[in-house]
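Q: Let me begin by handing over the structure; questions about it come next.
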Protein chains: 2
Amino acid sequence: MDMFIGIDMGGTNIRVAKVDANGNIIQQRKEPTEIVHGTKHVMQKIIRMIESIDDYAECKGIGLGVPGPVDPAEGKMLLATNLPGFEGYPIAKEIEQHFHKPTFLENDGNVAGLGEAILGAGKGKGIVYYVTISTGIGGACIIHQKVVSGKNGHAGEIGNLIVDRNREKVNNLNIGAIENEASGTALTRKAKKIFGEEAIQHAGDLFQLAREKDEKALALVDEMAYDIAVMLSLIAHVVDPDIFIIGGGVMQGKDVFFEKVEKNYRTLIHNGMQPVLFAQAELEEPGIVGAAMLPMAYLSK
Amino acid sequence: MDMFIGIDMGGTNIRVAKVDANGNIIQQRKEPTEIVHGTKHVMQKIIRMIESIDDYAECKGIGLGVPGPVDPAEGKMLLATNLPGFEGYPIAKEIEQHFHKPTFLENDGNVAGLGEAILGAGKGKGIVYYVTISTGIGGACIIHQKVVSGKNGHAGEIGNLIVDRNREKVNNLNIGAIENEASGTALTRKAKKIFGEEAIQHAGDLFQLAREKDEKALALVDEMAYDIAVMLSLIAHVVDPDIFIIGGGVMQGKDVFFEKVEKNYRTLIHNGMQPVLFAQAELEEPGIVGAAMLPMAYLSK
């Protein structure tokens, strides 16, 4: 079976794995990124980690997922807030020249979406829109198993979608941006205001109160479920996907809000769009497995 | 030069043309659709119109644009409000079997967007989002010169995008749907309320008042320009296009609102997305020329 190298290049850790065409992780390495030692140090580390994988030379290609928007054609990050020094650095080219293997770079959200589209809940679907609700909210548009990165690497930056103009200004995102209304961070902020700093450490505390039928918690969850439904309706009228796949840490509270999201969503779209499917993300390791799927997707016709 | 047949199959008229690969209309036919005489009558008419074109047999393929969502793989309309009887009718297959030429069917908005992407303002661009502001508001997503139709043929049904939840309910579209806030119909409705039934016949009357610096007209145009900017920002965060191409009858008032739209838009996106281009639609006959581009686009690799 064909093997690929997947790399999850984060601000804290770098993970490198050999992954087979079915998405099984055969061998894995993990080391701290140590970005403070500079880009050269990090690049040498990645090369060394790949070379420590058994039979790495037999792999068909290499894929990297990185935190931030990228230019996939150039194999460069366009913005590298969590990997200072790597903005504009020819990451993919340097690895490709060292190993003489086709090497692909993508945003980590897009990589996770690609993994879900090829191996997870989106298997066999034409248009997959992947949404991750975590500290922030991000997305990925995968059409026929290819990532739509966008002109400036910003396709899927759905955290900035305006779901309601009449909200408070929170940060540099748009007023009423979904990330400020329904992400884990946003839910924590809103719940703290209602229940106090002590009672709420994270969104999970809000969900627990909702499970206990606290009325204020239920109202906040209802608002969040409606906001997310509006966001999904915005995406749907733009690209009309076969399936929405929802992942991210906030999905740990899915028992409280997920059905409400879908129910609201179906009131916000045309009748003809009702066949769309809703699914939860399935992959345990979307970052590294999705990265390995980049060469698989782009080397096939 | 390669020639193609383009067909604009509307509720009122059918137009058939021979179009060259540069988008020049070489020969054209136009007849009333006469849908009251049934689908067979209309299909026979289309076939006869094609056969009346000089050297039609030398054309490489046939493309049809139709009003409503389609299943392009099946070559069928999914909803045929303006062509009763044609819902689910194998239009493309029947024409293909008669002429033994590859035949493609698409929604008329998508066809116009494809024309603009291949021959018009979007020439050479990777991701083109075409927006038409007319009686209604519609769009088309063209990626690498292929139409993204969507799972249910509803990609680009952007008229239903919510730009502000806090508006009045107008019809079966979403509350605050852009089509009810900024289309020609919507502008006429809103302007009539302010200036009276007599003063306003169509959106052009509002634009004329704005040109004369009427304050209430300017305020309404400002609102419209902001609403459209919000709509474009929603599209941009989903697919991050290279270019927005705006067409449709309301663009006759572009001197009054178009710059305002772009200025507002640029405050509603991430810095990294600023390179996006704004353009006006260029094709004089996007419907029929775009239809002829369907076989050209899909027969090429």
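Q: Once the convex hull of the C-alpha atoms of the range B:80-119 is built, how many Å³ does it hold per residue, rounded to a whole number? It would help to have the intermediate numbers written out before the result.
A: Numbers: hull volume 3.3 nm³, N = 40.
Taking only Cα atoms, the range B:80-119 has a hull volume of 81 Å³ per residue.
Q: Rounded if a/c is under 1.5, else prolate if a/b beats b/c, else oblate: with a ≥ b ≥ c from the C-alpha gyration tensor eigenvalues square-rooted, which is the range B:1-106?
A: Values: a/c = 1.76, a/b = 1.46, b/c = 1.20.
Verdict is prolate for the range B:1-106.
Q: Add +1 for every Lys or Arg and -1 for every Asp or Glu among the other residues with Cβ under 9 Å from the Cβ of residue A:149, and state the total. Please list the in-between numbers first.
A: Values: positive: A:151; negative: A:71, A:106, B:240.
Overall, the nearby charge balance is -2.
Q: Just check the range A:78-155 against the gyration tensor rule for me: Cα atoms, a ≥ b ≥ c as the square roots of the eigenvalues, rounded for a/c under 1.5, and otherwise prolate or oblate depending on whether a/b exceeds b/c. Mind showing how you got there, number by number?
A: Details: a/c = 2.29, a/b = 1.38, b/c = 1.66.
In terms of gyration-tensor shape, oblate.
Q: How many Cβ atoms of partner chains, on average, are near each residue of A:263-273 if near means within 10 Å of its Cβ? Walk me through the intermediate numbers first.
A: Details: counts 0, 0, 0, 0, 1, 5, 5, 10, 4, 10, 9.
The per-residue average across the peptide is 4.
Q: What longest region of chain A stays clear of GluC sites (Glu not before Pro) that DSSP places outside H, G, I, E and B and that have at most 13 other Cβ atoms within 10 Å? Provide the component values of the computation, followed by the final result.
A: Working: sites that count: A:34, A:168, A:197, A:198, A:212, A:284.
After excluding every exposed loop site, the longest remaining stretch is A:35-167.
Q: Over the protein assembly as shown, what is the percentage of antiparallel beta bridges among all DSSP beta bridges, to the nearest 5?
A: The answer is about 60 percent antiparallel.
Q: For the range A:219-266 and the range B:285-301, write down the distance between their C-alpha centroids in whole Å.
A: What the calculation gives is 37 Å, centre to centre.
Q: Residue A:256: net charge of surrounding residues, Cβ under 13 Å, Lys/Arg +1, Asp/Glu -1, itself excluded? Could you put the intermediate results ahead of the total?
A: Details: positive: A:211, A:213, A:254, A:260; negative: A:205, A:212, A:214, A:222, A:223, A:255, A:259.
It works out to a net charge of -3.
Q: Moving on to the next point. If you take the Cα atoms of the range B:123-280, find Rg, then find the Kirkwood Rh from the mean of 1/r over all pairs, what is Rg/Rh? Intermediate results must be reported in sequence, preceding the final value.
A: On the way: Rg = 15.5 Å, Rh = 16.0 Å.
A ratio of 0.97.
Q: Ok, one more. Using a 7 Å offset from Cα along the direction of the beta-carbon, what are the separations from residue B:47 to the same position in each other copy, nm, ascending?
A: 6.8
Q: Which value in Å does the Kirkwood hydrodynamic radius of the range A:172-245 take, with 1/r averaged over all unlike C-alpha pairs and then inverted?
A: On the way: mean 1/r = 0.0754 Å⁻¹.
Radius from the Kirkwood sum: 13.3 Å.
Q: Which whole-angstrom value gives the distance between the alpha carbon centres of the range A:112-167 and the range B:144-186?
A: What the calculation gives is 20 Å, centre to centre.
Q: While we're on this one: Could you give each residue of the range B:272-287 its phi-based ³J(HN,Hα) in whole Hz, using Karplus coefficients 6.51, -1.76, 1.60 with θ = phi - 60°, and x for Gly or Pro?
A: Per residue, the Karplus-derived 3J(HN,Hα) values read x, 9, 4, x, 3, 9, 10, 8, 8, 4, 10, 5, 6, 10, x, x Hz.
Q: So which trypsin sites (Lys or Arg not before Pro) in the range A:73-146 end up in coil per DSSP with only 15 or fewer other C-beta atoms within 10 Å? Before the final figure, lay out each step's value.
A: On the way: sites: A:76, A:93, A:123, A:125, A:146; in loops: A:123, A:125.
Answer in residue order: A:123.
Q: Among the listed pairs A:123/B:93; A:193/A:216; A:263/B:169; B:213/B:263; A:18/A:45, which are separated by more than 18 Å between their Cα atoms? Can you show the working numbers first?
A: Working: A:123/B:93 29 Å; A:193/A:216 11 Å; A:263/B:169 20 Å; B:213/B:263 20 Å; A:18/A:45 16 Å.
Pairs exceeding the cut-off: A:123/B:93; A:263/B:169; B:213/B:263.
Q: Got a sec to turn the phi values of the range A:221-230 into Karplus ³J(HN,Hα) couplings, 6.51 cos²θ - 1.76 cosθ + 1.60 with θ = phi - 60°, whole Hz, x for Gly and Pro?
A: Working through the residues one at a time gives 5, 4, 4, 4, 5, 6, 4, 5, 4, 4 Hz.
Q: List, shortest first and in nm to one decimal, how far the label point of residue B:30 (7 Å from Cα along Cα→Cβ) is from its counterparts in the other copies.
A: The projected label point of residue B:30 is separated from its counterparts by 6.8 nm.
Q: Can you tell me, using C-alpha contacts under 8 Å and at least 6 residues apart, the relative contact order of chain A as a whole percent? List each step's numbers first, then the result.
A: Values: 639 pairs, mean separation 63.7, N = 301.
That works out to 21 percent.
Q: Follow-up question, since we're still on this one. Using only the Cα atoms of the protein assembly as shown, build the gyration tensor, take square roots of its eigenvalues as a ≥ b ≥ c, and label the shape rounded, prolate or oblate: rounded if a/c is under 1.5, else prolate if a/b is larger than b/c, else oblate. Kindly include the intermediate steps, with their values, before the conclusion.
A: Details: a/c = 1.91, a/b = 1.30, b/c = 1.47.
Oblate shape, in that a/c is at least 1.5 and b/c is the bigger or equal ratio.
Q: Considering only DSSP beta bridges where both residues belong to the range B:123-280, give the percentage that are antiparallel (nearest 5). Intermediate values should be presented prior to the final figure.
A: Numbers: 11 of 20 bridges.
Expressed as a percentage, antiparallel bridges in the range B:123-280 total about 55.
Q: Moving on to the next point. Rounded to the nearest 500 deg cm²/dmol, what is the calculated helix-only ellipticity per residue at 222 nm for chain A, with -39500 (n - 2.57) per DSSP H run of length n ≥ 4? Can you show the working numbers first?
A: Working: 9 runs with 110 residues, N = 301.
Rounded to the nearest 500, it is -11500 deg cm²/dmol.
Q: If you take every DSSP beta bridge whose two residues both sit in chain B, what share of them, in percent to the nearest 5, is antiparallel?
A: 60
Q: Something else about it: Stick to the Cα atoms of chain B, pair each with every other, and give me the Kirkwood hydrodynamic radius in Å at one decimal.
A: Details: mean 1/r = 0.0502 Å⁻¹.
Computed over chain B, the radius equals 19.9 Å.
Q: Provide the per-residue ³J(HN,Hα) series for the range A:126-132, in order, calculated from phi with Karplus coefficients 6.51, -1.76, 1.60 and θ = phi - 60°, each as a whole number of Hz, with x at glycine and proline positions.
A: So the Karplus estimates, Gly and Pro as x, are x, 10, 10, 10, 9, 10, 10 Hz.
Q: Tell me which residues come under 5 Å, amide H to amide H, from residue A:27 once H is placed; ignore anything under 5 positions away on its chain.
A: Counting only residues 5 or more places away or on other chains, the set is A:18.
Q: Sticking with this one: Identify which of B:193, B:45, B:254 has the largest mean-square fluctuation in a Gaussian network model of chain B, with springs joining Cα atoms closer than 10 Å.
A: B:193
Q: If Lys and Arg each add +1 and Asp and Glu each add -1, what is the summed charge of the other residues whose beta carbon sits under 15 Å from the beta carbon of residue A:240? Mind showing how you got there, number by number?
A: Numbers: positive: A:125, A:266, B:146, B:151; negative: A:242, B:71, B:106, B:157.
My count for the surroundings of residue A:240 gives 0.
Quick note: the coordinates plus some simple rules give every number you see, no bench work behind them. Please read all numbers here as calculations on a predicted model, not as lab measurements. In this analysis, Cβ positions are derived from the backbone assuming ideal geometry, glycine residues included, and neighbour counts consider all displayed protein chains.
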